[in-house]
Structures are given as C-alpha cells and as structure tokens.
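Participant: Below is one structure. I have some questions about it.
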Amino acid sequence: MKEEAPEWVTAVGVTALVLLLVALALIAAGGWTWFAKFLESAAPAWVQAVGSIVAIGVAVAVPARQQRRQAKDEKRRHWEGRLATARSCYLACDEAAQTMSYISRKLRDNVELPFRLRTERVADLLATLQTLLGKDIPPELLKDLLTIQRELSYTQMALKQLWTANTVSRKRADAAEARERRVSEALYGLTTRHQLHEWIQSENGPRVTNPKLDFSDMLE
C-alpha cells in the first residue's frame with residue numbers, strides 16, 4: 001500500500017507553489033521588473049531549495065509514519081493473540097469444571113456402592129491444558145490454569161484408584177467435591193482476568209461458550 005505524504009509536507013509544497021503563482025501574476029499585472037529579474041536569476045535555486053526541503057521532509061516523515069503504524073499493528077496482533085489464547089484456556093477450563101462437577105455428583109450418588117468411571121476424558125483434558133501451557137499464556141491466567149491442571153491430575157489418580165477399590169467411600173466422594181469446588185473457584189478467577197469477563201458477557205460469548213456437555217462416555 002502506497003504511503004501518503006504527511007499533511008505538513010503537502011502544505012509546504014502547496015504554499016510554495018501558490019506563492020510562486022502569485023508572484024508571477026503580480027509581475028504580469030504590475031510590471032515588477034526587479035522581481036522579474038530576481039526570479040530569472042534566483043528563483044530556480046529557491047524552487048530547488050524548497051523542493052529539496054519537501055523531499056527531505058517526505059523521506060523522514062513517511063518511514064516514521066510507517067514505523068508507527070507497523071508498531072501499532074504489531075501491538076494489536078500481540079494482544080489479539082493473547083486474548084485468543086486466553087479464550088482457549090477458558091473453554092478448556094470450563095469443560096474441566098463441568099467434568100469435575102459430573103464426577104463429584106456421580107460419586108456422591110454412589111457412596112458405599114460398587115461404581116467406576118472411565119478416565120480417558122480427564123486424560124484428554126490434561127493433554128489439552130498441557131498444550132495450552134506451552135503457548136504464550138498471559139501471566140494473570142497461569143495460576144488458575146495450573147490449579148485446574150493439578151486438580152484434574154488428582155482426579156485422574158483417584159479414578160484409577162477407584163477401579164481397584166470398586167466401591168465409592170464417603171472420604172473419596174468428599175475429596176471429589178472439594179476438588180470440584182477448587183476448580184470452580186479457579187475458573188471464576190480466570191474469567192475475571194484478561195478481559196475474559198467482558199468477552200463472556202458480550203454478544204460473542206454464547207457463540208463460543210461451551211454448551212452443557214454429555215459425559216455418558218465416562219460410564220463403565
């Protein structure tokens with residue numbers, strides 16, 4: 001895209017041209033012979049000098065404007081990228097919160113009963129969070145993201161142990177409920193940072209927010 005000259009450079013050039021035309025008109029109308037002689041001898045040098053000044057101004061100002069525009073565009077792209085990563089974190093953590101809620105509810109409903117849940121879904125969530133942690137995560141989101149990852153790891157371990165025990169104890173159900181609560185608190189903290197709260201509440205929120213998920217694939 002061709003860069004236009006700054007307004008002040010254009011103004012200098014137009015002003016010089018207008019003054020030259022006015023001078024020529026005065027010479028033609030009033031017979032300013034002394035000024036005609038001056039123009040004949042010195043005007044070319046003055047015109048060249050003004051043109052050189054304008055050219056120098058353009059050479060300095062245009063790259064400077066281009067650099068400012070590029071810096072502004074790079075800053076915008078940087079923050080858009082960070083916001084996109086933050087949104088991905090929110091969606092993954094929202095799914096984690098729904099998963100933890102489902103696990104907690106199922107364990108409470110089956111205390112002292114033979115019951116088991118599959119662990120593949122939790123493993124997939126952990127892999128997703130690990131991938132996100134390898135990206136440029138906004139620092140303000142990192143604490144909550146790590147909290148959710150840790151609670152998912154504990155949940156995965158607890159579900160594997162449940163396959164051996166085969167019976168849901170009250171202690172195991174209480175621990176699952178505590179992990180669900182910590183994940184929900186971390187998700188709330190995450191949504192209030194990095195403009196995510198405004199994004200979630202905006203018209204674009206429902207288009208990308210997770211719907212209520214189906215966890216029937218976790219049942220044995």
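Rule-based calculations on the coordinates, nothing more; no lab input. As the structure is a computational prediction, the values presented were derived from the model and not from experiment. Here the Cβ is made from the backbone with ideal geometry for all residues, glycine too, and neighbour counts use every protein chain on show.
Participant: R0 = 45 Å: FRET efficiency of R170 with H78, Cβ-based, nearest 0.05?
Facilitator: Computed FRET efficiency for R170 and H78: 0.35.
Participant: Return the long-range amide H neighbours of T167 (sequence gap of 5 or more, or a different chain), with a cut-off of under 5 Å between placed amide H atoms.
Facilitator: Counting only residues 5 or more places away or on other chains, the set is F115.
Participant: Show me 170-182, 124-136 ranked by packing, highest mean number of other Cβ atoms within 10 Å first.
Facilitator: Listed from highest to lowest mean packing, they are 170-182, 124-136.
Participant: Can you give the charge dipole size of the range 81-218 about its Cα centre, rounded to the nearest 20 debye, using +1 on the beta carbon of Lys and Arg and -1 on the beta carbon of Asp and Glu?
Facilitator: That gives the range 81-218 a dipole magnitude of about 360 debye.
Participant: Taking θ = phi - 60°, what integer Hz values does the Karplus form 6.51 cos²θ - 1.76 cosθ + 1.60 yield along the range 85-99, in sequence order, with x for Gly and Pro?
Facilitator: 5, 5, 5, 4, 4, 4, 4, 5, 6, 5, 5, 4, 5, 5, 5
Participant: So, one more: Once a ≥ b ≥ c are taken as the square roots of the eigenvalues of the Cα gyration tensor of the range 81-218, is the result rounded (a/c under 1.5), prolate (a/b larger than b/c) or oblate (a/b not larger than b/c)?
Facilitator: Cα axes put the range 81-218 in the prolate bin.
Participant: At a Förster distance of 45 Å, what's the computed FRET efficiency of E95 paired with Q66, Cβ-Cβ distance as r, to 0.05?
Facilitator: So, using R0 = 45 Å, E works out to roughly 0.55.
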